[in-house]
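Read the structure below first, then the notes.
The values are calculated or read from the model by the stated rules, or taken from the named source; none is laboratory data. Quantities reported herein were computed from a predicted structural model and do not represent experimental measurements. A quick note on method: Cβ atoms are made from the backbone with ideal geometry, for glycine too, and the neighbour counts reach across all protein chains shown.
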Amino acid sequence: MIADEFAPSELFNALSENDKKRLFSEGLGVELLHSGLAFAVPLWWLSVDQEKNPELRNGSAFLVDYGWGTFAVTAAHVFIEYCKAKRAATGIGCQLGDVLFDPEARLISCHPELDIATFRLTESEAEQINKTIVMSEPQNWAPLNPTVKNFAFFAGFPAQTRGLMPSGAFATAPYFAVTPITSVTDRQIGCRFNREKSIDFSGGGLPPPGYNIGGVSGGPLLVPTLGRRGIYWRLAGVVVQAMMGDLFEQIVAVRAHYIQSDGQIG
């Protein structure tokens, strides 16, 4: 795999808005959405309080392997919320995807200021979760430098879609979208939604303005690179905030360069 296989994003950005919409509507958009969704993993916990009332909470996560073994990544505030629930509960159970998981016992690093937390996984756990892993390959990729107007993908699991099945299994529906990058700093990436340019791929209509997607924190922000052999994903950041109002909708991610190859943050 060679570097010149990758089409520069400027080629896409140079298209007219009508041509961009046509390209996405004719199959590229669906391919991007479903390919990117394969990275997102739900992280949820069920706690029981002193009155024996159950409470189901969740965040989002994804898996990374930079050559030192697979680890999970989420937002630090999701992990902190779990820890608070654990301290207050008479009992608690947690799952990462389909795997029973104790975040405190597996913690590699938690950086509240940056809002990123990482956790060790065994090879068998990663296989059981069965999600696409963000890899460091191919080695000749240059460091990612997100740019305004390039498009990115994010995915996560909103709290309002979560629930328990009659069998006792957790259930949730993902929220995912391709969106332009509208702001970049050394620390964060912002993606503000533009409903005038939104495309409904499902046929069920777009979510209403202000649709609450709280729970997507910890999900991946990915930048697709298009080449002759298909789509290649590069990790841009960790989603840490979703601001959804009737007049302003935006997600914010902390840039991925803070995540080291061994899972340490800084």
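From the set of residues in the range 18-58 that are of a type in the set (Ser, Thr, Tyr) and either at pLDDT below 85 or within 18 Å of the chain's Cα centre (by Cα) (or both), which is surrounded by the most Cβ atoms within 10 Å (Cβ to Cβ)?
Only one residue tops the list, namely SER35.
Just checking: which of the helices (runs of 4 or more DSSP H) contained wholly in the range 41-149 hold 1 or more residues that are under 17 Å from GLY215 (Cβ atoms)?
76-88, 103-106
Name the one entry in GLY97, GLY69 that is at positive phi and either surrounded by 17 or more Cβ atoms within 10 Å (Cβ to Cβ) or at pLDDT 95 or above (or both).
GLY97
Taking interchain pairs and intrachain pairs at least six residues apart, which have beta carbon atoms under 8 angstrom, with the first residue in the range 193-219 and more than 22 Å from ASN150 (Cβ to Cβ) and modelled with pLDDT of 70 or more and the second of a type in the set (Asp, Glu) and surrounded by 14 or more Cβ atoms within 10 Å (Cβ to Cβ)?
Note: pairs meeting the criteria are PRO209/GLU249; GLY210/GLU249.
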